[in-house]
Amino acid sequence: MLPNDQVVSFQPLTTSLKCLPFTSSARRLPSIHTARVTAAPEPLDLVLFNDSSDAQGAHLGVWMSPDQILHLCPEVGVPAVWTPETFRAATRYSKVVGAKRCSPSTVLTR
């Protein structure tokens with residue numbers, strides 16, 4: 001089974017921030033695991049893209065820097081790094097729906 005954009009997007013968070021792994025429960029209850037970003041995205045924030053402002057069915061990417069967003073690129077079937085301009089140029093990803101950040105409640109202690 002190939003990974004989807006949600007699995008690819010949550011992998012850096014699970015590894016780097018010690019967040020809980022992405023599960024089907026996280027899809028049903030995303031506010032438990034993430035918080036909405038109201039300012040400019042920071043590295044490792046999740047960014048949602050769609051062809052409208054609707055979050056339903058949005059494509060996920062991981063904000064790495066102002067000019068680098070990691071995502072599972074369906075066109076090539078592997079993770080890729082795109083610029084925000086590349087997303088805007090792609091009709092199905094032309095709108096930024098919003099961004100989310102791994103919430104402190106999901107950070108695991110060791």
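Summary of values
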item	result
Residue 82 closer than 20 Å to residue 39 by Cα, surrounded by 13 or more Cβ atoms within 10 Å (Cβ to Cβ) and among the aromatic types (Phe, Trp, Tyr)	no
Inter-residue pairs, beta-carbon under 6 Å, first outside any loop (DSSP other than H, G, I, E, B) and in the range 37-50, second at pLDDT below 90 and among the charged types (D, E, K, R), 6+ apart	46/100
Among (1) over 12 Å from the mean Cα position of the chain (by Cα); (2) at pLDDT 85 or above; (3) surrounded by 14 or more Cβ atoms within 10 Å (Cβ to Cβ) - the single one residue 96 does not satisfy	(1)
Per-region count, the range 52-90, residues outside any strand (DSSP E or B) and closer than 19 Å to residue 100 by Cβ	10
Any hit, the range 23-36, residues being surrounded by 13 or more Cβ atoms within 10 Å (Cβ to Cβ) and either assigned to a loop (DSSP other than H, G, I, E, B) or modelled with pLDDT of 90 or more (or both)	no
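The values are calculated or read from the model by the stated rules, or taken from the named source; none is laboratory data. Everything quoted here is computed from the prediction, not taken from an experiment. We place every Cβ from the backbone using ideal geometry, glycine too, and count neighbours over all the protein chains shown.
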